[in-house]
Amino acid sequence: MSDGDLSKSYDGISAYAWDWMGGDEIQSDLPFYQRKIQEVGGRALDLACGTGRHLLRYLKLGLDVEGVDVLEGMLARLREKADAQNLRPIVYRQSMEGFDLPHRRCFHHLEPGGRLLIETFIPAEAWNPELDRRLGENIGEFSTWGPTELPSGETVTTQVRMDSIDRFEQVKTDKRRHELSREGEAIRTELHTLRLRWYFTHELSLMLENAGFVGVFIHGDYSDSPATAQSSETVYAATKP
Ligand SMILES: C[S@@+](CC[C@H](N)C(=O)[O-])C[C@H]1O[C@@H](n2cnc3c(N)ncnc32)[C@H](O)[C@@H]1O
């Protein structure tokens, strides 16, 4: 399994083990997005909702939120958790790109006054050619995730390597190797290529404006303050006029 499609790199063993590898943990992003949904009011759409880390918690809070994700493996886990909590989520299995140009599609989905929130990041390798020495090697402290024990008794270990970087095209590829083991023996391995394109600050702002959005604001670190070069997390907010 190796075709460079971003969503595919979450499939297979990754989707199966996602929640136990930390994929369902609440972080400081949850109260931020919750507040933003409440601020605008009305229905919200959680694009790339995964296993429902946010979506199911929103539903518990009584928020009107639906989800979209392209991978059945992730949605299956979401439904399993929803059943256990007696929640009835509305989720669509769709690719964001599948229905239209991504930002235009988001634009058409929103009601006037509706808001789009996009969380994104620029990888350190985009700025720092020194990091090219990592090519073909494990990447820093996160090079190995796990082993993580699953409720089935199996364990999952993931290794990540940077494979290529093209600063002109603003694309880097990583290789991820997942290994599923039972009683210390590897029973399945998968190799995924994760192709990541980054967008710079003004570029993404222009793309949003080009799609028809107004009032683009970049939140830093899940706060209402504007992002700066020191922010670890950036969330772009844009309103449909
Ligand atoms: C890192 S997970 C995040 C899940 C969730 N948003 C969360 O914060 O827990 C990324 C999710 O994006 C989904 N995804 C990736 N590309 C997608 C696309 N083009 N359209 C829809 N979903 C996509 C994957 O299937 C995966 O569930």
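The values are calculated or read from the model by the stated rules, or taken from the named source; none is laboratory data. In this text the structure is predicted, and so the values were computed from the model without any measurement. Here the Cβ is made from the backbone with ideal geometry for all residues, glycine too, and neighbour counts use every protein chain on show.
Here are a few things to note about the model shown:
- Criterion (assigned to a helix (DSSP H, G or I) and in contact (Cβ under 8 Å) with a residue 40 or more places away in the chain) met by exactly one of TYR58, TYR33: TYR33
- Any hit, segment 201-214, residues being within 27 Å of THR144 (Cα to Cα) and crowded, with 16+ Cβ neighbours inside 10 Å: no
- Here VAL91 clears all of (1) in contact with a Phe, Trp or Tyr (Cβ under 8 Å, 6 or more places away or on another chain); (2) among the hydrophobic types (A, V, I, L, M, F, W, C); (3) more than 9 Å from the ligand (Cβ to nearest atom); (4) farther than 26 Å from LEU206 by Cα except the condition numbered (1).
- Among residues of segment 54-88, those that are more than 10 Å from the ligand (Cβ to nearest atom), modelled with pLDDT under 95 and among the acidic types (Asp, Glu), counted: 2
- Subset of segment 36-52 that is in contact (Cβ under 8 Å) with a residue 60 or more places away in the chain and among the hydrophobic types (A, V, I, L, M, F, W, C) - its residue that is farthest from the ligand (Cβ to nearest atom): VAL40
- Of the criteria (1) within 9 Å of the ligand (Cβ to nearest atom); (2) crowded, with 20+ Cβ neighbours inside 10 Å, which one GLN27 fails: (2)
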